[in-house]
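Derivation of every value follows stated rules applied to the coordinates shown; laboratory data play no part. Remember, it's a predicted structure, so these values are computed and weren't measured experimentally. Neighbour counts are summed over all protein chains in view; Cβ atoms, including those assigned to glycine, are modelled from backbone coordinates with ideal geometry.
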Amino acid sequence: MTVPEPRSLSNIVEHTIEQLIFSSRWILAPIYAGLAIGLLLLLVKFVQRASDLVINTLTASGDETIVGVLGLIDLSLVGSLIVMVMFAGYENFVSKLDIGEHLDKPSWMGHVDFGDLKLKLMASIVAISAIHVLESFMNVEHLADRELAWSVGIHMSFVFSALFLALTDRLTGKSHA
């Protein structure tokens, strides 16, 4: 039987610092819990917009109804984005979620690494931006050309950013295609 070597002061300090740094990941846990509160707030806005849409359906034009439904789709995409960030962020940076083999466990849970999360986030942002551009074009008579140009320009910057991120991911060999 071998006797372990006594730890030097520098080893103890190093181990303590490493433990502190490793434990600091738990500072993120309340942030992810806060996102769940944000999801509840988003639900309130969704119910509010859906109620307004239902109440005004008979008096609204077809375009107004389409814009209203697009707004609901937009909120649902943002909600999905929040759930994705909560689950994947918590699992990647804090701790694995211990839910066993729950029947409702999303199939992607536990399989989305940081690179995948970035790509999914950018794809969601592009989709949300596209909905805003479509809403702008549905209300084209109420917007100045400059506002439409900015809307399209910002959307295209998101598209190019997403493409650049995907290309960078593929070139670095981290794509899971």
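Some points to look at:
- Sites excluded, trypsin sites (Lys or Arg not before Pro) in DSSP loops with at most 15 other C-beta within 10 Å, longest stretch of the chain: 8-95
- Here is what passes the span test in the chain: the DSSP H helices with alpha carbon length of 15 Å or more along the helix axis and a Kyte-Doolittle mean of 1.0 or above are 29-56, 62-93, 114-138.
- Other residues whose C-beta falls under 13 angstrom from the C-beta of ILE55 contribute a net charge of -1, scoring Lys and Arg +1 and Asp and Glu -1.
- Tail beyond 17 Å, pair distance distribution of the range 72-117 (Cα, percent): 36
- GNM on the chain, alpha-carbon springs under 10 angstrom: the most fluctuating residue among ALA60, ALA36, ALA127 is ALA60.
- Neighbour counting of Cβ atoms within 10 Å sorts the residues ASP63, ASP116, fewest neighbours leading, into ASP63, ASP116.
- For ALA60, no residue has an amide H sitting under 5 Å from its own, ignoring neighbours fewer than 5 places away on the same chain, with H placed 1.01 Å from N.
- Taking the range 1-141 and dividing mean pair separation by its residue count, relative contact order in percent (alpha carbons under 8 Å, at least six apart): 27
- Over the chain: helical MRE at 222 nm, DSSP H runs n ≥ 4 each giving -39500 (n - 2.57), nearest 500: -25500 deg cm²/dmol
- Identified option (computed semi-axes √(5λ) of the Cα gyration tensor in Å; candidates (i) 31, 17, 13; (ii) 42, 23, 17; (iii) 45, 21, 15): (iii)
- Sequence of GLU18, GLU91 once ranked by neighbouring C-beta atoms within 10 Å, starting from the fewest: GLU18, GLU91
- For the chain, with +1 on Lys and Arg beta carbons and -1 on Asp and Glu, the positive-most of LEU163, THR16, PHE137 along the dipole: THR16
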